[in-house]
Amino acid sequence: MKVLTAKSAGFCWGVQRAVRKARELASRQDTGTLFTDGSLIHNAELMHQLESEGICRWDGHSPLDSGTLIIRAHGIPPSRREALGRLSVRLEDATCPDVARIQALIRRHARKGYHIVIFGDPGHAEVVGLEGYAEGNGHVVASAADVEKLPAMSPVCLVAQSTQLPDTYQTIIQAIQQRFPDAVILDTICNSTRNRQSELIELARQVDAIVVVGDAHSANTVRLAELARTLRPTHHIQTADQLKPEWFNGCRTAGLTAGASTPDFVIAAVRTRLESMP
């Protein structure tokens, strides 16, 4: 089977930066045991590989009194940062700069008295971190229906989780503007997300089916799969061994893309498996 692979498939620059930072720290002699505060990124295969390189995932509960701890790419709330700063470890920050920018925007507006509305996935690590910067004035919404449930408040500032679909964000913006006409609307979806989704739309015009590769916990991968399903028959997988030949009966060309936290070795394995199918 012919396979067309999206140029944007795989690590975004923020993930590349976080993984490179972890590996550089692991190569040094002065870091002691190296830990990540939870999953550095949302990809189980990459986390397993990092563990084999001596970079361990800290569960947040086990005693930790030495070594180096890396803040995850998704960022963390200020309260979490303060708590980690009290540990007897060296703290290194791998927060994606795009996420750090949103954190700064939220803090700036919160300190001006704005109520911060965050469009994102409730409970996702990035969203939890962003809400912490709202200093008690944050509200997370996942749909226009959630906007209708917001209390009367003023002034209002709206931001989006960095990996949301731009078209869906526009729906939220319209709902916010109807309820809060004077709301400040900030464009916080990262360029990597926009480019990846735009490229997927173009790829879909050239293929019979789409395979999206990435962890089920990866928000940007889930968004990619959601978009892909509106374009072509789509299969969201995490590894090559999840592919089933019967999915591609009558398919001459498959499109392959991957989330921002999917490593190249996983994408390559999926491509090889697809190309071996008749």
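Rule-based calculations on the coordinates, nothing more; no lab input. Because the structure is a prediction, the values reported are computed rather than measured. Cβ coordinates were reconstructed from backbone atoms using ideal geometry, including for glycine residues, and neighbour counts include every protein chain displayed.
Computed values, structure above
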{"quantity": "Residue-averaged [θ]222 nm for the chain, counting only DSSP H segments that reach four residues, each worth -39500 (n - 2.57)", "calculated": "-12000 deg cm²/dmol"}
{"quantity": "Sequence-distant residues sharing a close amide H with Leu91 (under 5 Å, placed H)", "calculated": "Leu69"}
{"quantity": "Relative pair counts by distance (%), Cα atoms of the chain, 5 Å bins", "calculated": "1, 6, 12, 15, 15, 14, 13, 11, 7, 4, 2, 0, 0"}
{"quantity": "Residues His74, His235 arranged by fewest to most Cβ contacts within 10 Å", "calculated": "His235, His74"}
{"quantity": "Over 19 Å [Cα-Cα, the range 221-278], rounded percent", "calculated": "27 percent"}
{"quantity": "Asp93, Asp187 arranged by Cβ crowding within 10 Å, fewest neighbours leading", "calculated": "Asp187, Asp93"}
{"quantity": "Dipole magnitude of the chain about its Cα centre (Cβ charges: Lys, Arg +1; Asp, Glu -1), debye to nearest 20", "calculated": "480 debye"}
{"quantity": "Sites excluded, GluC sites (Glu not before Pro) in DSSP loops with at most 14 other C-beta within 10 Å, longest stretch of the chain", "calculated": "136-278"}
{"quantity": "Residue order, fewest to most beta carbons within 10 Å, for Asp30, Asp241, Asp98", "calculated": "Asp30, Asp241, Asp98"}
